[in-house]
Amino acid sequence: EVGFGFFEFIGANCIHFQGFSIVADRSSNFPQFGLLGGRKTGNGSSGSHTFQDVFVLGKFSKAAQFMLSSETNKFDNCWYYPQIGNGCVMAMNNLPWTVTPKYGTLGSGLGGNGNNQFENCYFLSADEASIGDVMLALEYAQDFRLTSCYFASSIQASHVFLRKSASGTIENCFFEKYGSFDPYSVYFAPDDGTDPSDY
């Protein structure tokens with residue numbers, strides 16, 4: 001739907017997504033996201049999801065997948081190929097991302113994204129991507145793990161974008177650029193001046 005997205009599961013826990021593709025092929029009026037989940041309030045949990053063999057492709061005004069303060073998720077053999085927009089964003093707050101759900105309400109001033117694991121995942125982009133977009137954003141990510149993941153982009157700002165403190169492991173991953181713009185493979189971002197909860 002124009003201005004919104006495909007899946008919303010805000011405030012939900014323990015959902016298993018497997019074996020499907022999302023294709024956003026509009027030439028204009030892009031959807032914001034392919035998948036959207038996360039917390040409604042600071043102490044309301046939303047996580048423990050599994051994503052297996054999920055492929056998200058196309059043009060998004062925000063991100064192929066956006067998760068807000070969502071913990072203990074497992075991503076296995078997932079493909080994120082935003083031709084426009086960010087790839088997979090694990091955000092602490094909705095600032096400066098400004099994602100607007102249709103059916104739920106995302107909270108603010110929330111907790112982190114603890115123990116999210118990405119294994120055998122692919123993060124790709126196309127020449128139409130914006131220079132400021134990132135392929136995988138991890139904010140306040142405690143004990144994240146990237147294992148055997150592949151990153152390739154032509155114009156996006158960074159492959160892995162870390163902000164608001166993060167701790168984790170990157171193991172056996174491959175980073176490639178195939179265009180004229182040379183992105184950061186792993187970027188440690190400075191404080192976000194638009195977000196008072198940033199540090």
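The values are calculated or read from the model by the stated rules, or taken from the named source; none is laboratory data. A quick note: this is a predicted structure, and the numbers were derived from the prediction, not measured. For neighbour counting, all protein chains shown are included, and Cβ atoms are generated from backbone atoms with ideal geometry for every residue, glycine included. Remember, those area values only see protein heavy atoms, side chains included, never the ligands or the DNA or RNA. Shrake-Rupley method; radii C 1.70, N 1.55, O 1.52, S 1.80 Å.
For this structure, a couple of remarks:
- Residue check, N86 within 23 Å of D143 (Cα to Cα) and not in a strand (DSSP E or B): no
- Annotation for region 130-144: at least one member residue is within 16 Å of Q65 (Cβ to Cβ) and assigned to a loop (DSSP other than H, G, I, E, B).
- The single residue among Y178, Y140 that is among the hydroxyl-bearing types (S, T, Y), more than 18 Å from K62 (Cβ to Cβ) and surrounded by 15 or more Cβ atoms within 10 Å (Cβ to Cβ) turns out to be Y140.
- Residue among T100, T105 that is in contact with a Lys or Arg (Cβ under 8 Å, 6 or more places away or on another chain) and open to solvent by 60 Å² or more (accessible area, probe 1.4 Å): T105
- Among the residues of region 60-76, those identified as crowded, with 24+ Cβ neighbours inside 10 Å and either in contact with a helix residue (DSSP H, G or I) (Cβ under 8 Å, 6 or more places away or on another chain) or part of a loop (DSSP other than H, G, I, E, B) (or both) are S69, S70.
- Within region 143-152, considering residues that are within 15 Å of the chain's Cα centre (by Cα) and under 26 Å from L95 (Cα atoms), the one most open to solvent (accessible area, probe 1.4 Å): R145
- From L57, L95, L110, residue being crowded, with 17+ Cβ neighbours inside 10 Å and in a loop (DSSP other than H, G, I, E, B): L110
- The lone exception for W79 - which of (1) within 25 Å of E1 (Cβ to Cβ); (2) surrounded by fewer than 17 Cβ atoms within 10 Å (Cβ to Cβ); (3) hydrophobic (A, V, I, L, M, F, W, C) it fails: (2)
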